Every structure is written in C-alpha cells, then in structure tokens.
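Structure first, then comments.
The values are calculated or read from the model by the stated rules, or taken from the named source; none is laboratory data. Since the model is a prediction, treat every value here as computed from it, not as a measurement. Cβ: placed from backbone, ideal geometry, glycine included. Neighbour counts: every protein chain shown.
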Ligand code: SF4
C-alpha cells in the first residue's frame with residue numbers, strides 16, 4: 001500500500017474517541033469532495049509521494065505500536081482506492097488487530113472491518129456504502145432535510161456532526177447548535193469534537 005504517513009496516537013473523533021490506535025494514512029484520494037480545499041491532510045491527496053509498504057509490514061508496525069489486540073485505523077486519502085486494501089485488512093486481522101476503516105462512502109468495503117466510519121462526501125443517494133457503525137459528517141451548513149436524509153436512509157449505530165476547520169478557526173458553536181436543533185426534531189445526532197486538536201497530538 002502507498003501510504004502518506006504512519007503514526008501512533010489516539011482516535012480523536014467519533015465513538016472510538018480515546019482509543020489508542022496505529023494510523024495508516026493511505027496516499028491519494030480521487031473523490032470530488034466538497035471540502036477538499038480544507039482536507040485534514042492535503043499532502044495525502046495526490047497519488048504520487050508517500051512510501052510503499054507491504055501488507056505484512058504495515059500489520060507488524062501496528063502490532064509493535066498497539067499490541068496484538070489493539071486498533072489499527074486505515075484512513076486517507078481514500079484507503080478504498082488502494083488496490084491492496086483487502087490484503088492489508090487480512091494481514092491486520094491475521095495478527096488479531098481490531099480494524100477501523102475511515103472512508104468517504106463512495107466505494108463498497110468488502111473486507112471484514114470491526115468498525116467502519118463513513119464520512120460522506122456525496123448526497124446519501126449517491127453513496128456506494130449505506131451502512132456502517134458510524135456516520136460522521138463535517139457540518140458545512142447542510143439543511144435539516146439533507147441531514148434527515150442521511151439519518152433516515154443511511155443505516156448507522158451513531159450519527160455525528162463534526163465542526164469544519166477553516167482559516168485557523170472552526171464552526172464549533174454552529175455545529176453544536178445544529179446538533180441540539182436536530183435532537184429537538186427527533187434525530188439523535190451527536191457532536192464529534194476532534195479531541196486530538198485540543199490535546200495537541202496527531
Ligand atoms: S474525501 Fe476525505 S481525503 Fe478525500 S479530499 Fe475529501 S476529506 Fe480529503
């Protein structure tokens with residue numbers, strides 16, 4: 001797999017917040033994404049650069065960092081656009097790791113994950129994947145109808161709204177207000193805080 005970076009940190013977003021994880025950030029993302037210009041890691045978007053690692057090597061790095069019953073997070077970029085994604089999942093599973101896949105929802109995930117996080121980058125009816133443990137949406141001012149569409153037509157255990165960071169600030173207050181507004185409308189969205197930013201870790 002071509003990777004942009006490898007690091008050991010805690011999961012800062014969503015339901016698995018606080019869990020130590022080994023992060024494998026795949027290099028490259030072809031998704032026509034509405035928030036591409038403020039993407040988490042812009043340097044990971046091109047398909048050139050980064051470094052190549054075998055599936056076995058990545059799984060070994062992860063076990064050395066978090067132990068055999070720890071978590072590995074396969075993120076990006078868009079990890080599902082890597083030809084050998086399935087082999088990386090298989091190698092991690094063989095060593096006993098728990099696997100968190102983070103994806104845009106524009107590709108099917110056929111490999112057996114333990115926890116799938118879809119951060120949708122298209123309207124709900126354009127997604128190739130319509131179920132996951134959690135749906136995590138960056139709040140950029142979507143209408144209540146659009147948010148209801150995800151809530152009712154994407155099958156998840158947890159629905160998170162997460163602030164958008166732009167120009168050194170974020171829309172946290174607006175995101176929190178929207179969470180409460182949606183709750184009052186009968187939709188149990190939750191707030192995802194991105195704790196790694198507050199802790200000053202990766
Ligand atoms: S889909 Fe994800 S990785 Fe790709 S540009 Fe959008 S936010 Fe970045």
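Of (1) touching a helix residue (DSSP H, G or I) at 6+ places or on another chain (Cβ under 9 Å); (2) over 24 Å from residue 75 (Cα atoms); (3) loosely packed, with under 14 Cβ neighbours inside 10 Å, residue 167 satisfies all except one. Which?
(2)
For the stretch 57-68, give me each residue that is at pLDDT 95 or above and more than 17 Å from residue 4 (Cα to Cα). It would help to see each step written out before you state the result.
We begin by selecting, within the stretch 57-68, every residue at pLDDT 95 or above; these are 57-67.
Residues satisfying the conditions are 60, 63, 64, 65, 66, 67.
Could you list all residues from the stretch 166-202 that are part of a strand (DSSP E or B), touching a strand residue (DSSP E or B) at 6+ places or on another chain (Cβ under 9 Å) and touching a residue at least 40 places away in the same chain (Cβ under 8 Å)? Write out each step before concluding.
Taking the stretch 166-202 and keeping what is part of a strand (DSSP E or B), we get 166, 169-170, 189-191.
Those left that are additionally touching a strand residue (DSSP E or B) at 6+ places or on another chain (Cβ under 9 Å): 189-191.
Residue satisfying the conditions is 189 alone.
Considering only the stretch 33-44, state which residues are surrounded by fewer than 21 Cβ atoms within 10 Å (Cβ to Cβ), under 22 Å from residue 128 (Cβ atoms) and touching a residue at least 40 places away in the same chain (Cβ under 8 Å). Walk me through how you get there before you give the answer.
Here is the first cut: in the stretch 33-44, the residues surrounded by fewer than 21 Cβ atoms within 10 Å (Cβ to Cβ) are 33-43.
Right, trim to under 22 Å from residue 128 (Cβ atoms) and you get 33-36, 39-40.
Within the stretch 33-44, 33, 34, 35 qualify.
I need the full set of residues from the stretch 130-150 which are assigned to a loop (DSSP other than H, G, I, E, B) and within 13 Å of the ligand (Cβ to nearest atom), in order please.
Once the filter is applied, which keeps residues that are assigned to a loop (DSSP other than H, G, I, E, B) and within 13 Å of the ligand (Cβ to nearest atom), the stretch 130-150 yields only 140.
Among the residues in the stretch 95-115, are any under 24 Å from residue 45 (Cα atoms) and part of a helix (DSSP H, G or I)? Spell out how you get there, then give the answer.
Keep residues of the stretch 95-115 that are under 24 Å from residue 45 (Cα atoms), which gives 99-111, 113, 115.
Now narrow it down to the ones that are part of a helix (DSSP H, G or I): none.
No, there is no match, as no residue in the stretch 95-115 is under 24 Å from residue 45 (Cα atoms) and part of a helix (DSSP H, G or I).
Would you be able to tell me the number of residues in the stretch 82-94 that are away from the ligand (no atom under 14 Å from the Cβ), in contact with a helix residue (DSSP H, G or I) (Cβ under 8 Å, 6 or more places away or on another chain) and either over 19 Å from residue 30 (Cβ atoms) or not in a helix (DSSP H, G or I) (or both)? Even if it seems obvious, please write down each step before you answer.
First pass over the stretch 82-94, keeping only residues away from the ligand (no atom under 14 Å from the Cβ): 83-94.
Then drop every residue that is not in contact with a helix residue (DSSP H, G or I) (Cβ under 8 Å, 6 or more places away or on another chain), which leaves 84-85, 87-88, 90-92, 94.
Imposing the further condition that a residue be either over 19 Å from residue 30 (Cβ atoms) or not in a helix (DSSP H, G or I) (or both) reduces the set to 84, 87, 90-92, 94.
Total meeting the criteria: 6.
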